[in-house]
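Below: one structure, written as structure tokens.
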């Protein structure tokens, strides 16, 4: 169990470092630009948002490292969880056009405990979609009594035929490291 917790924290740390790359790169570009010319203040506002995002991400990593069991995570309504997660992502990608929708469902939205690795995984998928399709990414969230689905649609070119033709081998992390 301890090995699984360490692996989970390691995975989260790697994802967090990946997630911090976008706002940090944005800050570097803005600072370089500010050094070259006078700014009207909008760049500084964007820079502040990116710095705030870095602080939120690091705080989440700290919370995860301190709490190792699902009992430490409080339940949240599905809408609250995904609205906060998507707002966080949009702060990281302010230039991106995004369409976010929730499916109409006769089933009330559930209230659940979400492990931080779930958020990190979704953010990584969203960032990959944004990298592939910087002009628009659509996100649709739906649920049934037994599952939640998040559909992320980008307008990227997709995989080439050589990549599609290669077999997929799942990675077994047992005993790794």
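A short reminder: the numbers here are calculations on the coordinates, not readings from a lab. All of these numbers come straight from a predicted model, not from anything done at the bench. We place every Cβ from the backbone using ideal geometry, glycine too, and count neighbours over all the protein chains shown.
Taking the average, over residues, of other Cβ atoms within 10 Å as the packing measure, peptides 114-122, 141-149 rank 114-122, 141-149 from highest down.
Calculated FRET efficiency, residue 147 and residue 9, Cβ-Cβ r, R0 30 Å, to nearest 0.05?
0.70
Full extension of the chain between residue 140 and residue 161 gives 4.8 nm of extra length, using 0.36 nm per residue less the Cα-Cα distance. A simple spin-label model places pseudo-atoms 7 Å from Cα toward Cβ; at residue 104 and residue 29 they are separated by 3.9 nm.
How far, in nm, would the chain grow between residue 45 and residue 91 when pulled straight, counting 0.36 nm per residue and subtracting the alpha carbon separation?
15.4 nm
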